[in-house]
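As structure tokens, the structure follows; a few thoughts come after it.
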Protein chains: 2
Amino acid sequence: MDLVIIGGGIAGLTTAREAARSGMSVTVVDPTPTHGASYAAAGMIAPLTEYHIGDERLTPLLVAAAHVWPAYAARIADESGLPSGYVDHGTVVVGHDVDDKAELLRHLPAQRALGFTPEVLTTREVREREPALGPNLSVGIAAPADHAVHNREFLAALLRACELAGVEFVYETAQVTAIPHLVQCESQQLRAEHIVVAAGIDTVRQAALEAPIRAAIRPVKGQILRLQADRRTSAMPELTVRALVRGKSVYIVPRPSGEVVIGATVEERQFDLGATAAGVFELLRDARAIMPSVDEWAFTESWAGMRPTTHDHLPIVGASTRSDVHYATGHGRNGILLGPLTGLSMAEYLRSGVMPSPMSNASPLRFL
Amino acid sequence: MDLVIIGGGIAGLTTAREAARSGMSVTVVDPTPTHGASYAAAGMIAPLTEYHIGDERLTPLLVAAAHVWPAYAARIADESGLPSGYVDHGTVVVGHDVDDKAELLRHLPAQRALGFTPEVLTTREVREREPALGPNLSVGIAAPADHAVHNREFLAALLRACELAGVEFVYETAQVTAIPHLVQCESQQLRAEHIVVAAGIDTVRQAALEAPIRAAIRPVKGQILRLQADRRTSAMPELTVRALVRGKSVYIVPRPSGEVVIGATVEERQFDLGATAAGVFELLRDARAIMPSVDEWAFTESWAGMRPTTHDHLPIVGASTRSDVHYATGHGRNGILLGPLTGLSMAEYLRSGVMPSPMSNASPLRFL
């Protein structure tokens, strides 16, 4: 076999698809493909509104990743015959109180220096663009190029595209072993020329891998809600809305079906997947503060994922110290956005031995 | 056949068990037995803390119903070999602010006139009795005789007891017809000497029944949350806690397993079963105001039921204007508490033709 990929989230599956289509024989090992952090996510394709001060090295990667999304989504839809879930409605950012306004405006110079063009709106203007917003706002900022994808729809289409490209699946957990080219699954061993570890937060449990690289990944738990709006009886947003509400971030991502995703908590070093009462409460409190119609929507799901997060916010994609083992993990809060670029970059790297720019900034070896 | 019962909630199943054990041949018709309002409920056996001003005719019925519960639960556990779910830990009532305190104290004279012995506690005393309570309390009232049952466990045991007593089940919807003794199911017709309508809120859809009786029943939707506490890492209550928080009622019912039930919204004339964001938000807001450890519990379920409620708060149990048709519905917010007494009373009534006291106050004919 040419390639075994441990982990069937978005990074593993995009890598699998690209490698299989370039002629490699590929097996993905995962007990439940598509159902990890990729499934929990809200699916924002949002390099501007994901910008945090200090992310000057991450942002060019996010911009490049966002650029490949529309064509990539169209290809997956074509191949799979399933909807890609990609929508190109834009994003508005709002502040709730004056401190939230000050904090949002503080980011504008750095965003502009990176080439973004955020547009500052009055509260009246932002409510004209997104009438589902309530009156308790202090500022609005338009980010029309920040889009979104129904990540669960996309993952279903991507999985189908992998199957059609000849990717095999083993529904088990897997460990890289100390023996080159050997992966130990629950019921079998797999041998492959290349092993890609795309296991998200579970990468830290791969004892045969370099300890400093594993130690660079920590879980940041995120809880997220899914609601269902009935357009006949209540207002729902047409745009993705991100908000700062008394210093806490919340986002509201609408789907064409009426599903609305509200996220997400940021809980450092929480190694568990349970939704808590506090997470549900805080998300609803902050979302309804800026959008009163939240109250009327049906409450359908509370879910949680663990973002595999690094100190420097860059992912971990590329070579290990072993020639047979490679990484595609550590995507933190940007796993969906970075997914297609990760797969395209990994396939090129596996073909040529050279990681293309800008993903070359994400080398795992920087932690050694 | 002797008896067809439309509805497999607690009223239908207790009636079925008693009738079958007295020698009648019994069939229960319900698409999903035990999964209506009885399943949504929290399971409080609480005649004192369920008292509302004006309920002077209802309260004696609740007291009588609470008295039969311990022995009834023990019998069902014996027969079924399953846990009854009944627990005899008591209840404390707390107020959050001074207005809540005044409102709770306002009920004491009427409660004492009915023979109850509520014990007023200082906030320190109530926190000694229930250490999971937080500091933001204005008053406490002890109601040690108000108990609870894990209603889903009890329903499972009751269902098994019915099966063992020879009750047959048809998993379909059913309509009483204009033809005496004939019930129309989806795939078949059933004929029986007696027909008992124990269909909860769905009773209003029985077009062949008396319009004034159907019109006396309205849905009062209740949303309810289930959480899971981990006793190793967070405080959880040992007692049932009922609270008035800024004028709104909330209760917190612990189970021995660590499950904690938080309820319930009171939404008039809502003919739907969806949990809403507002319901989830308000229950969590009010529960965490009096018990901070709520925040730490895992959020496992949001559910809703429709309480079949009458104007006078008494249930609808007994004779119709047709000698073949009888009612056992309209139990409002007290369906679990009234369940065993309803079944025992109905069986006596079907045997003798006379409804025993105090259930005789619940005659359906009062609406004609």
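The values are calculated or read from the model by the stated rules, or taken from the named source; none is laboratory data. The structure presented is a predicted model; accordingly, all values stated were derived computationally and were not measured. Methodologically, a virtual Cβ is constructed for each residue, glycine included, from the backbone with ideal geometry; neighbour enumeration extends over all protein chains shown. For the accessible areas, the whole protein counts, side chains as well, though only heavy atoms, and no ligand, DNA or RNA atoms are used. Shrake-Rupley method; radii C 1.70, N 1.55, O 1.52, S 1.80 Å.
If you go through segment A:65-81 and keep only what is touching a Phe, Trp or Tyr at 6+ places or on another chain (Cβ under 9 Å) and open to solvent by 10 Å² or more (accessible area, probe 1.4 Å), you end up with A:Pro70, A:Ala74, A:Ala77.
Has segment B:41-54 got any residue that is open to solvent by 40 Å² or more (accessible area, probe 1.4 Å), in contact with a Phe, Trp or Tyr (Cβ under 9 Å, 6 or more places away or on another chain), part of a loop (DSSP other than H, G, I, E, B) and not acidic (Asp, Glu)? There is no residue in segment B:41-54 that is open to solvent by 40 Å² or more (accessible area, probe 1.4 Å), in contact with a Phe, Trp or Tyr (Cβ under 9 Å, 6 or more places away or on another chain), part of a loop (DSSP other than H, G, I, E, B) and not acidic (Asp, Glu).
Scanning segment A:298-311 turns up at least one residue that is acidic (Asp, Glu) and outside the structural domain of A:Asp202 (by TED's automatic domain parsing). Assess whether B:His326 counts as being in a loop (DSSP other than H, G, I, E, B) and either in contact (Cβ under 8 Å) with a residue 40 or more places away in the chain or within 14 Å of chain A (Cβ to nearest Cβ) (or both). No; evaluated as a whole, the condition is false for this residue. Restricting attention to segment B:300-312, the residues being of a type outside the set (A, V, I, L, M) and at pLDDT below 95 number 7. Please work out which one of (1) open to solvent by 60 Å² or more (accessible area, probe 1.4 Å); (2) part of a strand (DSSP E or B); (3) touching a residue at least 60 places away in the same chain (Cβ under 8 Å) is the condition A:Arg160 fails and give its number. So A:Arg160 meets the others, but not (2).
Put simply, of A:Ala229, A:Ala235 the only residue that is in contact with a Pro (Cβ under 8 Å, 6 or more places away or on another chain) and more than 12 Å from every other protein chain (Cβ to nearest Cβ) is A:Ala235. Can you tell me which residue in segment A:163-214 is least open to solvent (accessible area, probe 1.4 Å), limited to those that are assigned to a helix (DSSP H, G or I) and among the charged types (D, E, K, R)? Checked segment A:163-214; the qualifying residue least open to solvent (accessible area, probe 1.4 Å) is A:Arg214.
Examine segment A:341-360 for a residue that is in a helix (DSSP H, G or I), hydroxyl-bearing (Ser, Thr, Tyr), touching a residue at least 40 places away in the same chain (Cβ under 8 Å) and closer than 30 Å to A:Ala157 by Cα, and state whether such a residue exists. Yes: segment A:341-360 contains one or more residues that are in a helix (DSSP H, G or I), hydroxyl-bearing (Ser, Thr, Tyr), touching a residue at least 40 places away in the same chain (Cβ under 8 Å) and closer than 30 Å to A:Ala157 by Cα. Only one of the numbered conditions (1) part of a helix (DSSP H, G or I); (2) away from chain B (no Cβ under 14 Å) is not met by A:Thr321, and that is (1).
Quick grid of which residues meet (1) over 22 Å from the mean Cα position of the chain (by Cα); (2) polar (S, T, N, Q); (3) surrounded by 17 or more Cβ atoms within 10 Å (Cβ to Cβ):
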| residue | (1), (2), (3) |
| --- | --- |
| B:Ile290 | yes, no, yes |
| B:Thr321 | yes, yes, no |
| B:Pro340 | no, no, yes |
| B:Pro356 | no, no, no |
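Residues of segment B:1-54 that are of a type in the set (A, V, I, L, M, F, W, C) and either more than 30 Å from B:Ile252 (Cα to Cα) or outside the structural domain of B:Ala174 (by TED's automatic domain parsing) (or both): B:Met1, B:Leu3, B:Val4, B:Ile5, B:Ile6, B:Ala16, B:Ala19, B:Ala20, B:Met24, B:Val26, B:Val28, B:Val29. Against the list (1) farther than 25 Å from A:Ala264 by Cα; (2) without any contact (Cβ under 8 Å) to a residue 40 or more places away in the chain, the condition A:Met24 fails is (2). Report yes if B:Gln223 is touching a strand residue (DSSP E or B) at 6+ places or on another chain (Cβ under 8 Å), free of Cβ contacts under 8 Å to residues at least 60 places away in the same chain and within 14 Å of chain A (Cβ to nearest Cβ), otherwise no. In short, no. Need the failing condition index for A:Ser138 against (1) polar (S, T, N, Q); (2) open to solvent by 30 Å² or more (accessible area, probe 1.4 Å); (3) more than 26 Å from A:His331 (Cβ to Cβ), just the number. Result: A:Ser138 fails condition (2) only.
Here A:Leu133 passes the criteria (1) open to solvent by less than 40 Å² (accessible area, probe 1.4 Å); (2) in contact with a Leu (Cβ under 8 Å, 6 or more places away or on another chain) except the one numbered (2). When A:Leu121 is tested against (1) modelled with pLDDT of 95 or more; (2) under 23 Å from A:Leu337 (Cβ atoms), only condition (2) is not met. In segment B:247-262, the qualifying residues are those that are within 24 Å of B:Pro219 (Cβ to Cβ) and touching a Phe, Trp or Tyr at 6+ places or on another chain (Cβ under 9 Å), and the one that is farthest from the other protein chains (Cβ to nearest Cβ) is B:Val261. Does B:Thr300 count as at the interface with chain A (Cβ under 10 Å from one of its Cβ atoms) and either under 26 Å from B:Gly335 (Cα atoms) or in contact with a helix residue (DSSP H, G or I) (Cβ under 6 Å, 6 or more places away or on another chain) (or both)? Considered against the rule, which asks whether it is at the interface with chain A (Cβ under 10 Å from one of its Cβ atoms) and either under 26 Å from B:Gly335 (Cα atoms) or in contact with a helix residue (DSSP H, G or I) (Cβ under 6 Å, 6 or more places away or on another chain) (or both), B:Thr300 comes out as yes.
Filtered by the rule that a residue be at pLDDT 95 or above and of a type in the set (Ser, Thr, Tyr), segment A:224-259 gives A:Thr240, A:Ser249, A:Tyr251.
Residues of segment B:294-319 that are surrounded by 20 or more Cβ atoms within 10 Å (Cβ to Cβ) and closer than 30 Å to B:Asn136 by Cβ: B:Val294, B:Trp297, B:Ala298, B:Phe299, B:Ser302, B:Ala304, B:Gly305, B:Arg307.
Residues that are touching a residue at least 40 places away in the same chain (Cβ under 8 Å) and over 17 Å from A:Asp286 (Cβ atoms) within segment A:116-136 comprise A:Phe116, A:Pro118, A:Arg129, A:Pro131, listed in sequence order. If you check A:Arg366 against the conditions, is it modelled with pLDDT of 95 or more, in contact with a Phe, Trp or Tyr (Cβ under 7 Å, 6 or more places away or on another chain) and open to solvent by 50 Å² or more (accessible area, probe 1.4 Å)? In short, no. In summary, A:Leu61 fulfils each of the numbered conditions (1) surrounded by fewer than 24 Cβ atoms within 10 Å (Cβ to Cβ); (2) part of a helix (DSSP H, G or I) with the single exception of condition (1). For the subset of segment B:263-286 comprising residues that are of a type in the set (A, V, I, L, M, F, W, C) and at the interface with chain A (Cβ under 8 Å from one of its Cβ atoms), which member is nearest to the chain's Cα centre (by Cα)? Looking at the filtered set, the residue picked out is B:Ala275.
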